Every structure is written in C-alpha cells, then in structure tokens.
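Heads up: the structure comes next, in structure tokens.
The values are calculated or read from the model by the stated rules, or taken from the named source; none is laboratory data. Note that the structure is predicted; figures quoted are calculated from it, not measured. Cβ atoms come from the backbone with ideal geometry, glycine included; neighbour counts cover every protein chain shown. Note: areas computed on protein heavy atoms with side chains; ligands, DNA, RNA excluded. Shrake-Rupley method; radii C 1.70, N 1.55, O 1.52, S 1.80 Å.
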Amino acid sequence: MAALMLGQQVRQFSTSVVRPAAKLVKPPIQVYGVEGRYATALFSAASKQNKLDQMEQELGKVSALIKDPKLSSIVMNPHVKRSIKQKTFSDALSKAKVSPMTINLINVLADNGRLTLTGDVITAFGKMMSAHRGEVICTVTTAQPLDEANLADLKVALNGFLEKGETIKLDTKSDPSILGGMIVSIGDKYVDMSTKTKIQKLTKLIKET
C-alpha cells in the first residue's frame, strides 16, 4: 500500500510540471529509494524543459537553505504543523528566486510529509547530473590526507577504470580508524585495501585455524 501511495505521489510531481501524456525521461543512472524516485521525476521534468543545469543550480540554493539552523529548526521539525513548514519554506524559496519547478518539488514533498528527504533528493539528483555529464563519482578514504604526488598517482590509476568520454569526480576523505592503506569506491566498484580490514581478515583466519 505504501509503495502504491509513493508511486502516486511521484507521478503527481512529474505530471504537474510536464504534460501528463509525456513519457518519463530516464536518468543515466538509477538511484534507489524514495529519494531516487523523486529525483528521477525531477530529472525527467527538467530534461523535457531543457532546464537540467538550472535545476542543479537552484537545488544548490535549496541545499544551502536547509542547512540554515533557523529554517531547518522549523521545516525539519516533526512537531511543527505541515502548513507552517510549507509556508516557511515557500517564503524562503521566494526570496531565493527559484523557478516554479523547484517550488513545486518542495510543495509536493511538503504535501506528502517528506520534507526531511529534501537533502537526500538533492544528493540523488546530483548523482544523476554527474552521470549525465559523463562524470564517474569516486570516493577514496585514507588514514591520512594524501600529498600532491600521491594524489596525482592515484588519479592516473583511477583513470584506468574509465570508459571513453568519462571523467573522474574525485572526493578524498581521511579516516584514522582504517590505520593505513585505502578504501576506494568508484562507480559500482568497491575495493577495501585498508590496514584495518587486512588485520580483521588475518585475525579471523588465525581464529579459524
């Protein structure tokens, strides 16, 4: 029943900004979950109106808005009435001068009690836009920040995973808890070469022998 209602909500958003008879434009990658379905509807609507880049920019403004403590304390608070949340968000969007499509997305999320998913929807849309541009999202986690020389070597190695026309969108993170080595996530591939994991595997092997 919940899945059926969600499907109706997403179709409500998609058809409210494009002709009902128009076919859904599929994004280059599929993002699962509720946020993925809203982002897919938004991508389809923006694509048909040739407003993908504009929508990405406007969602950047929305992302900044929901990080504002004053605004988020109202619109993300489950104890605040839905009508108050919607009016507060709408007033902020009007000041930010975003398009009706962006306002409509927020209104649909508000109507369906899903404003807390706004950030997740924006993230999902961002992934679709990266894929649309031929960018392959790659996250590399190391125990210590990489210096310029190691970072350059890493980029060369990662380029070997790319297809023609693709580019790397690299995000590096440091996490001392992995002790050493690195964890690489690129596209749909995940490689854990951390010292922590190696130790865990060795410990498990010793216990089993």
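Key figures
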| quantity | calculated |
| --- | --- |
| Most fluctuating residue given options 165, 126, 187, as computed from a GNM of the chain linking Cα atoms under 10 Å | 165 |
| Whole-number accessible area per residue in Å² for the chain, which is evaluated in the context of all protein chains at 1.4 Å | 61 |
| Calculated SAXS-style log₁₀ I(q)/I(0) at q = 0.17 Å⁻¹ - segment 81-126, Debye, Cα scatterers | -0.45 |
| [x] 1.17; [y] 2.31; [z] 1.25, with the label sought being that of the calculated Cα Rg over 2.2 N^0.38 Å | [z] |
| Charge sum, other residues only, whose C-beta stays under 13 Å from residue 71's C-beta, Lys/Arg counted +1 and Asp/Glu -1 | +4 |
| The chain, accessible surface, carbon-and-sulfur percent (1.4 angstrom probe) | 56 |
| Candidate aspartates and glutamates - alpha carbon under 16 Å from residue 173, same-chain residues fewer than 8 apart omitted | 147, 148, 192 |
| Relative packing of peptides 41-48, 171-178 - highest average C-beta neighbours within 10 Å first | 41-48, 171-178 |
| Cross-link table 48/87; 70/155; 23/61; 85/189; 67/201, entries beyond 32 Å C-alpha to C-alpha | 70/155; 85/189; 67/201 |
| Residue 135 long-range amide H proximity, modeled H, under 5 Å | 167 |
| Spherically averaged projected area in nm², based on the convex hull that wraps the Cα atoms of segment 119-209 | 7.9 |
| Cut-off under 5 Å, modelled amide H: who pairs with residue 182 long-range | 193, 194, 195 |
